[in-house]
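Working notes for the structure below.
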Amino acid sequence: MSRPVDPADGRYEADPRSQDGLSPAEAWGQPDHAPGVPEPGRRRRGTVVLLAVLAVFLGALAWVAFTLFGGGGDDRAEATAAATRFLTAWQAGDHAGMQAVVEDPTDDMRYVYGGLAERLHVTGVRVRPGELDATGTRLPFEVTLTLEAGTVRYAGAVDLVETRSGWRVRFTARTVHPSLGRGQRLDLVEGASSRAVPLDRRGTPLTEDTDLKVNIVGSVDGEGEGTSGLQRVLDDRLQGTSGTSAAVVDAATGAVVERIASFSGRKPAGVRTTFDLRIQEAAGEALAGIEGAAALAVVDVRTGEVRALAGRPVSGTSPAFARQYPPGSTFKIVTAAALLQAGSGTGTTVDCPESIAIEGRRFHNYSGAPSGRMSLTRAFSVSCNTAFIGEADRLPDGALVRTARAFGFDGTQPLPIASIGGDIAEPSSRAGSALDAIGQGTVTVSPLHMASVAAAVAGGTWHQPHVLRGARHASHPVPGAPALRAMMRSAVTSGTGSAVSRVPGGPVSGKTGSAEYEGESPDATHAWFVGWQRDLAFAVLVEGGGSGGETAAPIAADFLRLLADRS
């Protein structure tokens, strides 16, 4: 079995011994003149004789060579053919064909050229042989190596030697490449790579905001690969490819000796998201000083693009989009849409008793809420639980769930990172339906999703919230949007959302909510406010904050003031 030989172990022909400085006589081993001083005429005659003898000898030698070898023509043709077969086999990837014409059978072309192709990721070889040189022992060539990274072109030469079995290629490291020396090989060398970060819609890095950096951008491991957040989702786009070089390297150390071709990598490009750091900063500042957990989510009314996701505390699971809560009375937006679709109007008179019983379970209004007969709009504005429970109890089976689905309550994760949307289950009883009608029971939601509900009313179409520009997302029209807009405006001008009635930037429409949850106190509630101003819809949540009108709505007002100051 032949021993694999790397070009680094190739043999090198010794330089031919120099004859410079010798006279023709000295080259043949003859003295230039006899001892003593000969007569001038005799020296000339001796020189003439010697030259004549030499001419006869060389002529005879030339005749013998012509007789035996046909004047050298066959030798040149055979040498050229051997070199050409070697180069043609290289181009075809025929290592056995290359092996057949090398001088030393222990030279393993499969190992040498196969390893070369593997290291450089060669996808194609094109060789153009030249003409045999004057000595008849070297044939130059030009080669083009097509690599995955680019193209390498260089000129080389095949050395030839005549053996008993004909002309053969004398293979050395320099047969592969003229710059290769002992203990060296051709290889790909990678340069340093770089990585970009996600940007906001205006081109500013999201990492400038601590909240987004921790909860949205995510992290990168020691090898520069995204492991969480948008760093993971956008890993291929954020990670640039390093430049590479085809180079002569030291086989033992990998040190670069000479670069023979260089290929530029792909520069990383920061991916623009839908966030707006101007809005994000205002949202974060509005939550400053809040004790406990709180969140403020902002989306674009027209598109569902997320503009801000601020949460407190910053570390841990973000309450803005990754925690689920009962929406409380903010869900009355959806219940009102179902009632409107079933035939009710904004002026329809409804009963708002202090309490109502459904299947033996008694439900109450929030402390201090008005009661009596009133319009549906008034019941919405003062957030009358009993009116909505009583009216929803008369809806057709499944009507509330179907309407909720139009507002995106289907359990779908909205963002490409871990996130919570809205969900509602099919009711198992009338009492269960009553709880769902006021945003308790099986209804769960995140502040981000409730911002999308407010946006759906403002624009007439529900859009799945999304943070990547141009991303495909679900969207569909919602029922009763014009009437709901009037009802939500009334909730601000003459209802529980009055804290946002006088803010700069234009009129605000919205809905408060106080959502019961299992806590230390039986009366513990989360405080909600959802609404919109112009083309921005938002949702504010304060865990355990109590009244939405007293706690969440003032935070929304602060947010809008801060945003106006930045405009």
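Within the stretch 194-211, work out how many residues are surrounded by 16 or more Cβ atoms within 10 Å (Cβ to Cβ) and either without any contact (Cβ under 8 Å) to a residue 12 or more places away in the chain or of a type in the set (Gly, Ala, Ser) (or both). If you could, list the steps in order and put the result at the bottom.
Within the stretch 194-211, the first condition is being surrounded by 16 or more Cβ atoms within 10 Å (Cβ to Cβ), and the residues that meet it are 196-201, 204-206, 209, 211.
This time we only want the ones that are either without any contact (Cβ under 8 Å) to a residue 12 or more places away in the chain or of a type in the set (Gly, Ala, Ser) (or both), so: 196.
Count: 1.
Kindly check whether there is at least one residue in the stretch 487-506 that is in a helix (DSSP H, G or I) and more than 25 Å from Ala283 (Cα to Cα).
Start the filter on the stretch 487-506 by keeping residues that are in a helix (DSSP H, G or I), which leaves 487-493, 498-500.
Within this subset, residues satisfying the condition of being more than 25 Å from Ala283 (Cα to Cα) are 487.
Scanning the stretch 487-506, I find at least one residue that is in a helix (DSSP H, G or I) and more than 25 Å from Ala283 (Cα to Cα), so the answer is yes.
Looking at the stretch 539-549, is at least one residue in a helix (DSSP H, G or I) and not assigned by TED's automatic domain parsing to the domain that holds Asn385?
Checked the stretch 539-549: at least one residue is in a helix (DSSP H, G or I) and not assigned by TED's automatic domain parsing to the domain that holds Asn385.
For residues in the stretch 315-363 being in a strand (DSSP E or B), hydrophobic (A, V, I, L, M, F, W, C) and out of contact with any His (no Cβ under 9 Å at 6 or more places or on another chain), which is surrounded by the fewest Cβ atoms within 10 Å (Cβ to Cβ)?
Selected residue: Ala357.
For the stretch 212-227, give me each residue that is in contact (Cβ under 8 Å) with a residue 24 or more places away in the chain and surrounded by fewer than 17 Cβ atoms within 10 Å (Cβ to Cβ).
Start the filter on the stretch 212-227 by keeping residues that are in contact (Cβ under 8 Å) with a residue 24 or more places away in the chain, which leaves 212, 214-216, 218, 220, 224.
Within the stretch 212-227, just Gly224 meets the criteria.
Does Ala399 meet the test of being of a type in the set (A, V, I, L, M), surrounded by fewer than 23 Cβ atoms within 10 Å (Cβ to Cβ) and in the same structural domain as Ala491 (by TED's automatic domain parsing)? Full working, then the answer.
On the way: of a type in the set (A, V, I, L, M): yes; surrounded by fewer than 23 Cβ atoms within 10 Å (Cβ to Cβ): yes; in the same structural domain as Ala491 (by TED's automatic domain parsing): yes.
Considered against the rule, which asks whether it is of a type in the set (A, V, I, L, M), surrounded by fewer than 23 Cβ atoms within 10 Å (Cβ to Cβ) and in the same structural domain as Ala491 (by TED's automatic domain parsing), Ala399 comes out as yes.
Mind telling me which of the residues Arg378, Arg405 ends up being over 18 Å from Gly345 (Cα atoms) and charged (D, E, K, R)?
Numbers: Arg378 fails: over 18 Å from Gly345 (Cα atoms).
Just one listed residue meets the conditions, Arg405.
Given the options Ile424, Ile420, name the one that is more than 31 Å from the chain's Cα centre (by Cα) and either at pLDDT 95 or above or buried (at least 20 other Cβ atoms within 10 Å of the Cβ) (or both).
On the way: Ile420 fails: more than 31 Å from the chain's Cα centre (by Cα).
The conditions single out Ile424.
Exactly one of these conditions fails for Thr123: (1) at pLDDT 95 or above; (2) surrounded by 13 or more Cβ atoms within 10 Å (Cβ to Cβ); (3) in contact with an Asp or Glu (Cβ under 8 Å, 6 or more places away or on another chain); (4) β-branched (Val, Ile, Thr). Give me its number.
Against the list (1) at pLDDT 95 or above; (2) surrounded by 13 or more Cβ atoms within 10 Å (Cβ to Cβ); (3) in contact with an Asp or Glu (Cβ under 8 Å, 6 or more places away or on another chain); (4) β-branched (Val, Ile, Thr), Thr123 comes up short only on (2).
Touching a residue at least 40 places away in the same chain (Cβ under 8 Å) and not acidic (Asp, Glu): which single residue out of Ala155, Ala173, Ala134, Ala117 fits that description?
Values: Ala155 fails: touching a residue at least 40 places away in the same chain (Cβ under 8 Å); Ala134 fails: touching a residue at least 40 places away in the same chain (Cβ under 8 Å); Ala117 fails: touching a residue at least 40 places away in the same chain (Cβ under 8 Å).
Residue meeting the stated conditions: Ala173.
Suppose we keep only residues that are touching a residue at least 24 places away in the same chain (Cβ under 8 Å) and within 54 Å of the chain's Cα centre (by Cα) within the stretch 349-377. Which one would you say is farthest from Thr525 (Cα to Cα)? Even if it seems obvious, please write down each step before you answer.
Applying the first criterion (touching a residue at least 24 places away in the same chain (Cβ under 8 Å)) to the stretch 349-377 yields 349-356, 358-361, 363, 366, 373-377.
Subsequent filtering for residues that are within 54 Å of the chain's Cα centre (by Cα) retains 358, 361, 363, 366, 375-377.
On the way: Ile358: 22, Arg361: 20, Phe363: 15, Tyr366: 11, Ser375: 27, Leu376: 24, Thr377: 24 Å.
Only one residue fits best here, namely Ser375.
Kindly indicate whether any position in the stretch 493-505 is touching a residue at least 40 places away in the same chain (Cβ under 8 Å), among the hydroxyl-bearing types (Ser, Thr, Tyr) and surrounded by fewer than 15 Cβ atoms within 10 Å (Cβ to Cβ).
Yes, the stretch 493-505 has at least one match.
Out of all the residues in the stretch 460-515, which are aliphatic (A, V, I, L, M) and farther than 26 Å from Arg566 by Cβ?
Residues of the stretch 460-515 aliphatic (A, V, I, L, M): 467-468, 471, 474, 478, 481, 483-484, 486-488, 491-492, 499-500, 503, 508, 515.
Scanning the stretch 460-515 gives Ala471, Ala474, Val478, Ala481, Ala483, Leu484, Ala486, Met487, Ala491, Ala515.
Taking the residues in the stretch 427-477 that are part of a helix (DSSP H, G or I) and among the charged types (D, E, K, R) as candidates, determine which candidate is nearest to Ala308 (Cα to Cα).
Here the residue is Asp436.
State yes or no: is Arg128 out of contact with any helix residue (DSSP H, G or I) (no Cβ under 9 Å at 6 or more places or on another chain), assigned by TED's automatic domain parsing to the domain that holds Leu186 and assigned to a strand (DSSP E or B)? Don't jump to the end; show me each part of the working.
On the way: out of contact with any helix residue (DSSP H, G or I) (no Cβ under 9 Å at 6 or more places or on another chain): no; assigned by TED's automatic domain parsing to the domain that holds Leu186: yes; assigned to a strand (DSSP E or B): yes.
The answer is no for Arg128.
I'd like to check something: does the stretch 464-477 contain any residue that is without any contact (Cβ under 8 Å) to a residue 60 or more places away in the chain and surrounded by 23 or more Cβ atoms within 10 Å (Cβ to Cβ)? Break it down stepwise before answering.
Of all residues in the stretch 464-477, those without any contact (Cβ under 8 Å) to a residue 60 or more places away in the chain come to 470-472.
Then drop every residue that is not surrounded by 23 or more Cβ atoms within 10 Å (Cβ to Cβ), which leaves none.
The answer is no, given that none of the residues of the stretch 464-477 is without any contact (Cβ under 8 Å) to a residue 60 or more places away in the chain and surrounded by 23 or more Cβ atoms within 10 Å (Cβ to Cβ).
Looking for whichever is within 16 Å of Gly544 (Cβ to Cβ), among the aliphatic types (A, V, I, L, M) and modelled with pLDDT of 95 or more here; the options are Ala293, Ala282. Which one fits? Before you say what the answer is, go through the steps one by one.
Values: Ala282 fails: within 16 Å of Gly544 (Cβ to Cβ).
So the residue among Ala293, Ala282 that is within 16 Å of Gly544 (Cβ to Cβ), among the aliphatic types (A, V, I, L, M) and modelled with pLDDT of 95 or more is Ala293.
Within the stretch 132-151, how many residues turn out to be under 48 Å from the mean Cα position of the chain (by Cα) and of a type in the set (Val, Ile, Thr)?
From the stretch 132-151, those under 48 Å from the mean Cα position of the chain (by Cα) are 140-151; that's our starting set.
Adding the requirement that they be of a type in the set (Val, Ile, Thr) leaves 143-144, 146, 151.
The qualifying residues number 4.
Could you please find all residues in the stretch 79-120 being of a type in the set (S, T, N, Q) and either surrounded by 15 or more Cβ atoms within 10 Å (Cβ to Cβ) or in a helix (DSSP H, G or I) (or both)? Write out each step before concluding.
Residues of the stretch 79-120 that are of a type in the set (S, T, N, Q), as a first pass: 80, 84, 88, 91, 99, 106.
Hits for the stretch 79-120 are Thr80, Thr84, Thr88, Gln91, Gln99.
So is Val467 within 20 Å of Ala418 (Cα to Cα) and either of a type in the set (Val, Ile, Thr) or over 35 Å from the mean Cα position of the chain (by Cα) (or both) or not? Give the steps one after another, and end with the answer.
On the way: within 20 Å of Ala418 (Cα to Cα): yes; either of a type in the set (Val, Ile, Thr) or over 35 Å from the mean Cα position of the chain (by Cα) (or both): yes.
Yes: the conditions hold for Val467.
Please state which one of Ser375, Ser371, Ser344, Ser315 is in contact with a helix residue (DSSP H, G or I) (Cβ under 8 Å, 6 or more places away or on another chain) and at pLDDT 95 or above.
Exactly one of Ser375, Ser371, Ser344, Ser315 is in contact with a helix residue (DSSP H, G or I) (Cβ under 8 Å, 6 or more places away or on another chain) and at pLDDT 95 or above, namely Ser344.
Can you name the condition, by its number, that Tyr154 falls short on among (1) of a type in the set (Phe, Trp, Tyr); (2) within 42 Å of the chain's Cα centre (by Cα); (3) not in a strand (DSSP E or B)?
Failing condition for Tyr154: (3).
Is it the case that some residue within the stretch 272-294 is of a type in the set (A, V, I, L, M), in a strand (DSSP E or B) and under 21 Å from Arg323 (Cβ atoms)?
Looking for residues that are of a type in the set (A, V, I, L, M), in a strand (DSSP E or B) and under 21 Å from Arg323 (Cβ atoms), one finds at least one in the stretch 272-294, hence yes.
For residues that are assigned to a loop (DSSP other than H, G, I, E, B) and over 48 Å from the mean Cα position of the chain (by Cα), scanning just the stretch 380-394, find the one that is surrounded by the most Cβ atoms within 10 Å (Cβ to Cβ). Spell out how you get there, then give the answer.
Just the residues of the stretch 380-394 that are assigned to a loop (DSSP other than H, G, I, E, B), to begin with: 382-384, 393-394.
So of that shortlist, the ones also over 48 Å from the mean Cα position of the chain (by Cα) come out as 382, 384, 393-394.
Numbers: Val382: 23, Cys384: 29, Asp393: 15, Arg394: 10.
Only one residue tops the list, namely Cys384.
For the stretch 442-463, which positions are without any contact (Cβ under 8 Å) to a residue 24 or more places away in the chain and small (Gly, Ala, Ser)?
Step one: filter the stretch 442-463 for residues without any contact (Cβ under 8 Å) to a residue 24 or more places away in the chain, giving 442, 460-461.
If the condition is that a residue be without any contact (Cβ under 8 Å) to a residue 24 or more places away in the chain and small (Gly, Ala, Ser), then Gly460 is the only one that fits.
The values are calculated or read from the model by the stated rules, or taken from the named source; none is laboratory data. The structure displayed is predicted, hence computed values, not measured ones. All Cβ positions, even for glycine, are placed from backbone atoms using ideal geometry, and neighbour counts span all protein chains on display.
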